[in-house]
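**Q** One structure coming up, written as structure tokens, with questions to follow.
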Amino acid sequence: MIAERTTKPSTEPLTPAVSTSTRRSRIRVERALAYVGLTICAVIFIFPLFWLLVSAFKTPSQIFANPPVWMPHPLSTGNFTELWREANPLRAFVNSVVISAGSVFLTLFLCSLAGYAFAKFPEAPGHKWLYGFVLGTMMIPSAVTLIPSFLVLVKLHWVNTYLAMIVPGAVGAFGIFWMRQYIAAHVPDDLIAAARIDGCGEFGIYLRVVLPIVRPALAALGIMQLIGSWNNLMWAFVVLRTKDMFTLPIVIYLLQGEMRTPYGMLMAGGLLTTLPLVIAFLIFQKQFIAGITAGAVKE
Amino acid sequence: MCLLTAAALALLTPGCTAVHGSVDPSTSAVPVNASVRGDVTVWSWNIAAKSLQSLTPQFEHDHAGTKVTVEMNGTNIQSRLLLALVAGVGAPDVTQFQFYEAPHYIATGTLADLTPVAKKYETMFPKAVWQNCTMNGKIYAIPWDVGPCALYYKRSVFAKYGVDPDKIRTWDDYIAAGQTIVKKSGGKTKMMTLGPNDIEDLFEVLLQQTGGQVFDDHGRIAVDSPQARKALSIIKRLRESGICSDVPAYGQEWLAGFSDTSVASYPGAVWLGGLMKDAMGDYKGRSTDWGVTRLPAVDAGGIRVADWGGSVLVIPAQCKNKAAAWAFIEYALCTREGQLAQYHKESLFPAFMPALKTKALDEGDPFFGGQPIGRLFATDIDKIPALNRTSNWTEAQGYLKQDLSHWAATGMTDPDVLGVVARKLSKRLDLALAPPNPQSWGHPTGHTSPVVSRHMPFDQVSSTQVLSPQNWGLGGLSWTTGPIGDRA
Amino acid sequence: MTTALADLRRYRQFYLFIAPFFILFAVFGLYPLLFSLYLSFVKWDGLTPMHWVGLGNFRRMLEDDLLWRSLQNTAIIGLLYVPPMMILAFAFAQLLNAQWLKFKAFYRAALFVPCVTPMVVIALVFSLIFSSEKGVLNYVLALLHLPSIGWLTSEQWSKVSVSILVVWRWTGYNMILMLAGLQGISPEYYEAADVDGAGAWHKMTRITLPLMRPTFRFCGLLSLLGTLYMFDEVFVLTKGGGPGTSSLNFGMYLFNLSFSDFKFGYASCVAYSVAIVVFIATLIVNRFNRDEDAAPKRGRLGRA
């Protein structure tokens, strides 16, 4: 895979073919181009969010103005008042928060617990087989289990409840894999052994020894789960049935009518839905990316 | 692990009963003489929703303490409704269906039984639509509007080419007139539009006129019959005579055709007039060139009506406020006041026949040059022959559309196309083919009396009986005492 | 026997800690999996009685034009967005990995932030941007004297619009994965290549790309599954596959079958069949790759 490396010394001259100054200026040009390219791409990538932000404060006629209105002059809050009147965004926001928080908490707790178990109990019988089984379940596409999962919820009378949104996806194999890997790599066995000798119960060890160490991994997993849960559209569409239980994405989606699309309200609601996550990401950016990077490198 | 799965399986065994939140039959019927108050949520779409919204102020005024909200959100309405019905939660108090879908939903057993309060209205609706609303002698839906058919024609075009609309009495007359117009206009003016994708709609109209069926009284596939073949042969002749244009219906170009002389006539339902008025928005109360005459019959003296389109209103069984929900439906659909208000506001043609005895229908419609088209559409409305629609109707209709459109697009060469269609339907829907003798179906062939019960009228044969597991020899998945069915 | 029970007792915490996963999996994973398999052989709408059809659903799949159309659309959308996305992600990752780049945090954030946004909102914003008459994109095109495009109204362009949306959304994610992969390459390889006087191109093709193969494979697999089961984008941007069925992908088709037409039996059959085909395909690709990786290499660097 690596380039074939000859044992004899290279016959290429060690001095470059072009003069140093030309090379340096070429590098400077290349780097300038890279900066330009990156900046243009960054602008393009941010643009839709920018558009969302300004459109939320435009009047509907400004939204459809041609040529486009780049920055509305008096910032109009009409969309927000209309949204408050027509839908129930506060309730939807609360629903989203409750469901996401519950989902994140449950996932973090159960995955880290299972991850600890798989990482630090090598002598437990069946341990390898069970872990292999967990990994194997990652290969099941959710499309196959969708309909029966819904029917299970109907039978349990969980449709249109928070439980239906939180529980089914709570313990994913990926989360267990993620936590196990991090715990195995970062929690020293002797620390655990010492705590066991001290008579600390396993759950106590988990709480006092393991959890503090795996905070970065928890942050990363938590954020991934938060994003998935907050933004979820399909499962929410299937499982939530009355207006008082809708999450923000569903409220936004259902604002569209058959005769007209109220873009003003949609942009206002969209901003409300998007802003929390973007802010959370910007604050915890380092942990998240460090988490993914660290986890990948460790492999 | 195995223990867990077994436990889970035991708790959640599939198919013992339908999965939907179980419906207690004793509460699924609408209470009689209960007090009417509280909130009522109605799901509807389009102009139908608008017309209901216009009724709510009067209703709320008549019934103090009620509040009716008509939600006009048509996005994924079918999906949301079915999800609510399966889950047993989230369905509105009142919802609308296309009338041909009603049997499908009624068969699910998730709709409230309206018989105690609606039985008295049975004779006030045309049998053709009422039939779709009942099962096993119980009523689950109320017809809202009908789409009686007639022939719209451009007066000036007919006059120019010497065609007298009153002389067009049969489809043969129609074809002859069409050929005259096409010839004399040098091909610039066609008589009607009939693209391959629009064949199935006209086929249903002609089926009614010939007395054909897609399903017989026992729910068997009956689309290959002499009557149906006759109906299809009319379509074949229409297309082969060169009088049809292929412009797809309801598209931009088709709508634009109302304003020019590219097409001379349109066989259509009463709501086509509404479409025309919408498309020709600039007419502003002036009269246009359009007139209406009666639909051509298949044979001389045959029926000149058919039904195309229309909706029903139902109450899902999970509704917690059935008394108020029913009161609203009753007001909107079973009173002259309600039905006429909707006719005036949104041109929804009343299915409630007493509403037709009104002078409003005799008023001239300025759009049609002062012609009292309301009265024309109301003619013989009670004589519309009924098409048997089972719970499989929508699916069958989809296949029919595909197959007929394919047949039309490939030259209409197969003489046995209906036989092929029948066999395909039989296989896809897993239903038997009806025997070739139409007499055994208990349905009249083409004359004017409506479907009257004889040895096995449709609304006394539950589709669940026909489609129930016992008939397929599958005892395991038993549907024992569902809300509808074996108690018939 | 007694030792097993004693072990169980001794390690009861272990089993307790992993039990929640297995319980939830039994209820929401295994049972649905088995029930779905069963459903593949019946015809059912969730409300009326079930109806056994044996292989009928499978036969129906062969004649189902819409299914094949959706798979075809999925393939086209995949071909439209995966190469540009991979190239862009790789380019960004390379740049972000470079020593000399400043403002790394800003670029990284800007390119990654699309991944945290709710697709429903973004699709709505994009439908504004893609609007034929009033959209910003067509406005820019007009400024450049280019003809305006019916991004969402023409059958030819609806797939492109979906692809653009997906590239915008997921490039950042792939970029981070590739960045991780790049950071996993030991700098010693590059140093050795520098000693040989290898140019940038050589370093790229002989060191970087080969060592990134596992990362590329991983991203590729994620993209494949993502394209197949993509839902939000099609559901919101093109309103379920429109115009006509031009942007109907498999995920949307399956959803329609399941929760719009309520054909539970047939939908289960289709879902299962496609899942099995994808599974076998990934196994084959994995086996192929493993063989390739195992082939003896000449002159490998001894260390690291």
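Throughout, read-outs are computed from the coordinates displayed, never taken from laboratory work. Quick caveat, the model's predicted, so the values are computed rather than measured. Cβ placement follows ideal geometry from the backbone for every residue including glycine, while neighbour counts extend to all protein chains displayed.
**Q** Hey, can you grab everything whose amide H is under 5 Å from the amide H of B:ASP113? Only 5+ residues off in sequence or another chain; H modelled, so Pro and N-termini drop out.
**A** For B:ASP113, the qualifying residues are B:ALA29, B:VAL30.
**Q** Let me ask something else. How far apart, in nanometres, would the label points at A:VAL36 and B:ASP173 be if each is projected 7 angstrom from Cα along the Cα-to-Cβ direction?
**A** My value for the distance between the label points is 7.9 nm.
**Q** Next up: Once you sort the root eigenvalues of the Cα gyration tensor of region A:4-155 as a ≥ b ≥ c, which label holds: rounded (a/c under 1.5), prolate (a/b larger than b/c) or oblate (the other case)?
**A** Oblate is the answer for region A:4-155, as a/c is 1.5 or above yet b/c matches or exceeds a/b.
**Q** Which of the trypsin sites (Lys or Arg not before Pro) found in region A:213-269 are in a DSSP loop and have at most 16 neighbouring Cβ atoms, other than their own, within 10 Å?
**A** Sites meeting the loop and neighbour criteria: A:ARG260.
**Q** Can you compute log10 of I(q)/I(0) for the protein assembly as shown with the Debye formula, treating each Cα as one identical point scatterer, at q = 0.04, 0.08, 0.10 Å⁻¹?
**A** -0.26, -0.96, -1.38
**Q** If you place +1 on the Cβ of every Lys and Arg, -1 on the Cβ of every Asp and Glu, and leave all else neutral, what size is the dipole of the protein assembly as shown about its Cα centre, to the nearest 20 Debye?
**A** Charge dipole, the protein assembly as shown, about its Cα centre: 2280 debye, nearest 20.
**Q** Mean residue ellipticity at 222 nm from the helices of chain C, using -39,500 (n - 2.57) per DSSP H segment of n ≥ 4 over the full residue count, to the nearest 500 deg cm²/dmol? Walk me through the intermediate numbers first.
**A** On the way: 14 runs with 204 residues, N = 304.
The helix contribution divided over chain C gives -22000 deg cm²/dmol.
**Q** Here's something else I'd like to know. Considering only A:PRO148, A:GLY102, A:VAL251, whose Cα is most displaced toward the positive end of the charge dipole of chain A, charges sitting on Cβ of Lys, Arg (+1) and Asp, Glu (-1)?
**A** The one lying farthest along the dipole's positive direction is A:VAL251.
**Q** Within the P(r) computed for region C:37-292, what percentage of the Cα pairs occupies the region above 23 Å?
**A** On the way: 20252 of 32640 pairs.
Percent of Cα pairs beyond 23 Å in region C:37-292: 62.
**Q** With a cut-off of at most 12 other beta carbons within 10 Å, and DSSP calling the residue loop, which trypsin sites (Lys or Arg not before Pro) in region B:173-233 qualify? Please list them.
**A** Details: sites: B:LYS183, B:LYS184, B:LYS188, B:LYS190, B:ARG220, B:ARG229, B:LYS230; in loops: B:LYS188, B:ARG220.
Counting only loop positions with at most 12 other Cβ atoms within 10 Å, the trypsin sites (Lys or Arg not before Pro) in region B:173-233 are B:LYS188.
**Q** Before rounding to the nearest 500, sum -39500 (n - 2.57) across all DSSP H runs of length at least 4 in chain A and divide by the residue total; then give [θ] at 222 nm in deg cm²/dmol. It would help to have the intermediate numbers written out before the result.
**A** Numbers: 14 runs with 206 residues, N = 299.
The per-residue figure over chain A is -22500 deg cm²/dmol.
**Q** Explain nothing, just the number: dipole magnitude of region A:87-298 about its Cα centre with +1 on each Lys and Arg Cβ and -1 on each Asp and Glu Cβ, in debye rounded to the nearest 20.
**A** Dipole about the Cα centre, nearest 20: 260 debye.
**Q** Can you find, among C:PRO214, B:VAL40, A:TRP230, the residue sitting farthest towards the positive end of the charge dipole of the protein assembly as shown, where Lys and Arg contribute +1 and Asp and Glu -1 at Cβ?
**A** Result: C:PRO214, furthest along the dipole toward the positive end.
**Q** Please enumerate, by chain and number, the aspartates and glutamates with C-alpha under 13 Å from the C-alpha of C:LYS263, excluding those fewer than 8 residues away in the same chain.
**A** Straight-distance partners of C:LYS263: B:GLU395, C:ASP45.
**Q** Under a straight-distance cross-link criterion of Cα-Cα below 21 Å, which lysines are reachable from A:LYS286, leaving out those fewer than 8 residues away in the same chain?
**A** Those lysines meeting the cut-off are A:LYS298, C:LYS102, C:LYS104.
**Q** What residue among A:ILE279, A:ILE63, A:ILE44 has the largest mean-square fluctuation in a Gaussian network model of chain A, using Cα springs under 10 Å?
**A** A:ILE44
**Q** Now a separate question. Excluding residues fewer than 8 places away in the same chain, name every one of the lysines whose C-alpha is closer than 18 Å to that of B:LYS160.
**A** Filter leaves B:LYS183, B:LYS184, B:LYS188, B:LYS190.
**Q** Which trypsin sites (Lys or Arg not before Pro) from region B:310-397 combine a DSSP loop assignment with at most 13 other Cβ atoms within 10 Å? Write out the running numbers ahead of the final one.
**A** Details: sites: B:LYS320, B:LYS322, B:ARG336, B:LYS345, B:LYS357, B:LYS359, B:ARG375, B:LYS383, B:ARG389; in loops: B:LYS320, B:LYS357, B:ARG389.
The qualifying sites are B:LYS320, B:LYS357.
**Q** ³J(HN,Hα) across region C:235-251 via Karplus (A = 6.51, B = -1.76, C = 1.60, θ = phi - 60°), whole Hz, x for Gly/Pro?
**A** 4, 9, 5, 9, 6, x, x, x, x, x, 10, 5, 10, 6, 9, 5, x
**Q** Give the long-range amide H neighbours of B:GLN371: residues separated by 5 or more places, or on another chain, with amide H under 5 Å away, using H modelled in the peptide plane at 1.01 Å from N.
**A** B:ASP365
**Q** What's the exposure ranking of B:SER391, C:SER273, going from fewest to most Cβ atoms within 10 Å?
**A** Least crowded to most crowded, the residues run C:SER273, B:SER391.
**Q** For peptide C:89-101, how many partner chain Cβ atoms fall within 10 Å of a residue's Cβ, on average? Mind showing how you got there, number by number?
**A** On the way: counts 0, 0, 4, 5, 0, 1, 6, 1, 0, 2, 0, 3, 4.
Mean number of neighbouring Cβ atoms from other chains: 2.
**Q** If you take the beta carbon distance between A:PHE133 and A:LYS243 as r and set R0 to 35 Å, what does 1/(1 + (r/R0)^6) give as a FRET efficiency, to the nearest 0.05?
**A** Plugging the Cβ-Cβ distance into 1/(1 + (r/R0)^6) gives 0.30.
**Q** Taking amide hydrogens as modeled 1.01 Å from N in the peptide plane, which residues meet the under 5 Å criterion relative to B:THR193, leaving out close sequence neighbours?
**A** It is B:SER245, by chain and number.
**Q** Next question, about the same structure. With 27 Å as the cut-off, how large is the P(r) tail for chain A, expressed as percent of Cα-Cα pairs?
**A** Distances greater than 27 Å cover 61 percent of the Cα pairs.
**Q** Fewest to most neighbouring Cβ within 10 Å: what's the order for C:PHE28, A:PHE105?
**A** So the residues, fewest neighbours to most, are A:PHE105, C:PHE28.
**Q** Also, I was wondering about something else. Other chains' Cβ within 10 Å of A:231-237 residues: what's the mean? Don't skip to the answer; put the middle values down first.
**A** Working: counts 9, 4, 9, 8, 0, 1, 10.
So the per-residue partner count for this stretch is 6.
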